[in-house]
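Novice: Before I ask anything, here is the structure I am working with.
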Amino acid sequence: MTAVYEAHHELWDETRGAEIIAEHASQEGATLVVLHALQEAFGYVPEAAIPMVARALNLSRAEVHGVFTFYHDFRHKPAGRHVLKLCRAEACQAAGGEALAARAEARLGVSLGNTTADDRVTLEPIYCLGLCATAPSAMLDGRLVGRLDEKRLDALVAEAQR
Amino acid sequence: MSMRLFVSRDAGAVAVGADEVALALQQAAAVRGVAVEIVRTGSRGLYWLEPLVEVATPHGRIAFGPVSENDVPSLLDALAGNTPHLLRLGATDEIPWLKRQTRLTFARCGVTDPRSLGDYRAHGGYKGLERALSLGSDATLAEVTASGLRGRGGAGFPTGIKWKTVAQAKSDRKFIVCNADEGDSGTFADRMIMEGDPFLVIEGMTTAAITVGATKGYIYIRSEYPHAVEAMNAAITAAKRGGYLGDKIDGSMHSFDLEVRVGAGAYVCGEETSLLESLEGRRGLVRAKPPLPAHRGLFGKPTVINNVLSFAAIPFILAEGAKAYADFGMGRSRGTMPIQLAGNVRHGGLFETAFGVTLGELVDDIGGGTATGRPVRAVQVGGPLGAYFPRGLFDTPFDYEAFAARDGLIGHGGIVVFDDSVDMRRQARFAMEFCAVESCGKCTPCRIGSTRGVETIEKIMRGERVSENLAIVEDLCNTMKFGSLCALGGFTPYPVLSALKHFREDFVPAPTTLQAAE
Ligand SMILES: Cc1cc2nc3c(=O)[nH]c(=O)nc-3n(C[C@H](O)[C@H](O)[C@H](O)COP(=O)(O)O)c2cc1C
Ligand code: SF4
Ligand code: FES
């Protein structure tokens, strides 16, 4: 139940990509749906998929590229093995989230928005997970964690590094 | 007979261990040979008590919380012997924090199994839709209008008028869109109701559909809410199977189909026209109004777009009558508001109550002050575009007009509490930074002004030409206020200017003042 978005990804493959695109292309306004499906399968949206999406949806390459870059969620390259997202929005700030974010950066040796050199952990900011009454909050590969404190954060970081 | 236990499956409860507690209960009970049935409900919204475990008794449910895995053996002992337990809270319905509320929208949340259509029906579900079907479109519109319901997404526009506009529009197709983008920090009511009572949202949307003559609906949920996406999808499947979606809804001549679409991490897509662009598969650029979505909305067709809580208020209004709803509230703010207490607060959670309660009651009395135990210094009301209020304004009643009169807004009803360690310069800087990151880029004041705002506040933080730079920030705010197409650029000045006005001492510190601790 917690593993809604698990990080098991396939390697990019054109035939598989085409299959995924075809599966969703007939819906109205399908661009985001298709991009989400590609990212869920491959962990990112490969550059090579953009013209394929454009062709399938009868759009220009520039249009699809424009949509892809507009939204914070879509990645152009794979993330690290684990993705640790820390909430940086106001309720989490009020509960000490900023100090925890700094601690995570120090422990992992990367700043928010980056991946560790060994490709193990991508550390990202997120703006509200809707857990604002049990702030500060985090998400590790789709698993939610509330009431974050130094101890819980350190455990999460250690888990992500494994 | 087996013992019935209730543990929430709400994301907020799961984030603090509800899944582990449910599993431990199951396993420990099996070892003891005790038959238990664990129902995974939504959350009651008393988040400081999550994970909350309830047990059914002949006299109603008894609650325990916050329960950790380690508490499970002693909890089972107490349940078996009916003996006292440290975490025992007594009858759930008698917990003062819950008892003081007026739960019209959240009546079932935390009580029923959100996966069960049967449970929903057994607790009064679909009575509203049935009444709307028997009333017909005009009388239903009259009920919604008479209830005084105003959009709960932030702008407070009368829902009845919106629906009427779409009902009167002539078109081959019309759409119902539910705005479940809930991007405001400090808000989680949409998430809770989608996870805890998803059929309620479906019933509200279906009522809108049959009333205005729409046949297709979308729920646009932010990607940060995977549990809500799952819950809504499961409920849609169940409603279809039960004849409440699809053709001939509830035996009537109406058909209505519903689909979940997931956002992709853009705050501005909560703005209704940006959301429609996104649903159509484009960049979330805000559209100029007119035309209103009610005239030309999704795919150019007349569209009702409402917040989750607006749709969720509808079934009560129809089942119990407009007057039953409108009897609550003050002034032009009728009915109840699910208020969300968040941040550094002792009793954080969802508190549904009639409009009119004061900010001070909410923060000090209901919220219990800060979680850190330090004095409350500031509260931000209404998300990242909402103003910061000092204690001096705690007499403000929770009401659209009263907040506007004090240069604030109630927005989606979120209240974020800060203690006295807050540095208001940082909060002002963050408001500008957030606007810069999330701007859709269409207007210069929003796109460029916010970036300049960040730079200028940073100069103030470094003590550079403070009074000149403060004047520049105020000037920038005015430009953004009046030169922005939507409220992202237009309302970012609220948190910034309120911080400047009410917490001036943080910006122009007296020479001897110590810096607030980081
Ligand atoms: C930047 C911005 C973000 C918004 N975010 C949301 C949101 O997340 N949810 C929402 O319901 N309304 C949001 N709104 C308000 C919507 O534009 C719109 O007023 C609302 O969907 C109408 O529904 P209602 O009448 O039921 O409130 C936002 C507005 C702006 C300007
Ligand atoms: S104010 Fe900002 S977010 Fe709104 S339309 Fe203009 S640029 Fe876009
Ligand atoms: S602000 Fe961090 S979860 Fe809402």
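Novice: Give me the residue from region B:311-358 that is open to solvent by 20 Å² or more (accessible area, probe 1.4 Å) and charged (D, E, K, R) and, out of that set, nearest to residue B:403 (Cα to Cα).
Specialist: Among those residues, the one meeting the criterion is B:332.
Novice: Another one. Restricting to region B:281-297, give me the number of residues that are open to solvent by 90 Å² or more (accessible area, probe 1.4 Å) and more than 8 Å from every other protein chain (Cβ to nearest Cβ).
Specialist: Matching residues across region B:281-297 total 4.
Novice: State yes or no: is residue B:371 at pLDDT 95 or above and not in a loop (DSSP other than H, G, I, E, B)? Before you say what the answer is, go through the steps one by one.
Specialist: Values: at pLDDT 95 or above: yes; not in a loop (DSSP other than H, G, I, E, B): no.
The answer is no for residue B:371.
Novice: With region A:67-162 as the region, which helices (runs of 4 or more DSSP H) entirely inside it contain at least 2 residues that are more than 16 Å from ligand 3 (Cβ to nearest atom) and modelled with pLDDT of 95 or more? Steps first, answer last, please.
Specialist: Numbers: elements: A:90-94, A:97-108, A:150-161.
Correct list: A:97-108, A:150-161.
Novice: Still on this model: Can you confirm whether region A:72-88 contains a residue that is within 16 Å of ligand 2 (Cβ to nearest atom) and on the phi < 0 side of the Ramachandran plot? Before you say what the answer is, go through the steps one by one.
Specialist: Our first condition is that a residue be within 16 Å of ligand 2 (Cβ to nearest atom); within region A:72-88, this holds for A:72.
Now drop any that are not on the phi < 0 side of the Ramachandran plot, which leaves A:72.
Checked against the condition, which is being within 16 Å of ligand 2 (Cβ to nearest atom) and on the phi < 0 side of the Ramachandran plot, region A:72-88 yields at least one hit.
Novice: Would you be able to say whether some residue in region B:205-215 is within 9 Å of chain A (Cβ to nearest Cβ), modelled with pLDDT of 95 or more, open to solvent by 10 Å² or more (accessible area, probe 1.4 Å) and more than 16 Å from ligand 1 (Cβ to nearest atom)? Spell out how you get there, then give the answer.
Specialist: First, the residues of region B:205-215 that are within 9 Å of chain A (Cβ to nearest Cβ): none.
No, the conditions are met nowhere in region B:205-215.
Novice: Right, something else. Any residue at all in region B:421-429 that's open to solvent by 70 Å² or more (accessible area, probe 1.4 Å), more than 16 Å from ligand 3 (Cβ to nearest atom) and not in a loop (DSSP other than H, G, I, E, B)?
Specialist: The answer is no; no qualifying residue exists.
Novice: Which of the residues spanning region A:22-43 are surrounded by 15 or more Cβ atoms within 10 Å (Cβ to Cβ) and more than 13 Å from chain B (Cβ to nearest Cβ)?
Specialist: Across region A:22-43, the qualifying residues are A:41, A:42, A:43.
Novice: Right, something else. Could you say whether any residue in region B:151-159 is in a helix (DSSP H, G or I) and away from ligand 2 (no atom under 16 Å from the Cβ)?
Specialist: Looking through region B:151-159, at least one residue is in a helix (DSSP H, G or I) and away from ligand 2 (no atom under 16 Å from the Cβ).
Novice: Another question, then. Yes or no: region B:262-280 includes at least one residue that is within 24 Å of residue B:203 (Cα to Cα), of a type in the set (A, V, I, L, M, F, W, C) and open to solvent by 10 Å² or more (accessible area, probe 1.4 Å).
Specialist: There is at least one residue in region B:262-280 that is within 24 Å of residue B:203 (Cα to Cα), of a type in the set (A, V, I, L, M, F, W, C) and open to solvent by 10 Å² or more (accessible area, probe 1.4 Å).
Novice: Tell me, which helices (runs of 4 or more DSSP H) wholly within region B:433-518 include 3 or more residues that are acidic (Asp, Glu) and at pLDDT 95 or above?
Specialist: Output list reads B:466-483.
Novice: While we're here: Listed residues A:120, A:152, A:81; which is open to solvent by 20 Å² or more (accessible area, probe 1.4 Å), under 12 Å from the mean Cα position of the chain (by Cα) and either more than 16 Å from ligand 1 (Cβ to nearest atom) or within 8 Å of chain B (Cβ to nearest Cβ) (or both)?
Specialist: None of the other options fit; the residue is A:81.
Novice: Looking at (1) polar (S, T, N, Q); (2) open to solvent by 30 Å² or more (accessible area, probe 1.4 Å); (3) within 30 Å of residue B:152 (Cα to Cα); (4) within 14 Å of chain A (Cβ to nearest Cβ), can you tell me which one residue B:444 breaks?
Specialist: Condition (4) is where residue B:444 drops out.
Novice: Which numbered condition in (1) touching a Gly at 6+ places or on another chain (Cβ under 7 Å); (2) surrounded by 17 or more Cβ atoms within 10 Å (Cβ to Cβ) is the only one that residue A:92 fails?
Specialist: In the conditions (1) touching a Gly at 6+ places or on another chain (Cβ under 7 Å); (2) surrounded by 17 or more Cβ atoms within 10 Å (Cβ to Cβ), residue A:92 misses (1) alone.
Novice: So, one more: Determine which member of the set B:222, B:241, B:173 is within 11 Å of chain A (Cβ to nearest Cβ) and out of contact with any Gly (no Cβ under 9 Å at 6 or more places or on another chain).
Specialist: Numbers: B:222 fails: out of contact with any Gly (no Cβ under 9 Å at 6 or more places or on another chain); B:241 fails: within 11 Å of chain A (Cβ to nearest Cβ).
B:173 is the lone residue from the list that is within 11 Å of chain A (Cβ to nearest Cβ) and out of contact with any Gly (no Cβ under 9 Å at 6 or more places or on another chain).
Novice: Quick one: is residue B:133 within 16 Å of ligand 1 (Cβ to nearest atom), under 27 Å from residue B:327 (Cβ atoms), of a type outside the set (Val, Ile, Thr) and buried (at least 18 other Cβ atoms within 10 Å of the Cβ)?
Specialist: no
Novice: Turning to a different aspect of this structure: Tally up the residues in region B:159-187 that are open to solvent by 10 Å² or more (accessible area, probe 1.4 Å), without any contact (Cβ under 8 Å) to a residue 40 or more places away in the chain and closer than 29 Å to residue B:415 by Cα, please.
Specialist: So the count comes out to 1.
The values are calculated or read from the model by the stated rules, or taken from the named source; none is laboratory data. Because the structure is predicted, anything quoted here is derived from the model rather than measured. Please note: Cβ atoms are built from the backbone with ideal geometry, for glycine as well, and neighbour counts cover all protein chains shown. Accessible surface areas use protein heavy atoms only, side chains included; no ligands, DNA or RNA. Shrake-Rupley method; radii C 1.70, N 1.55, O 1.52, S 1.80 Å.
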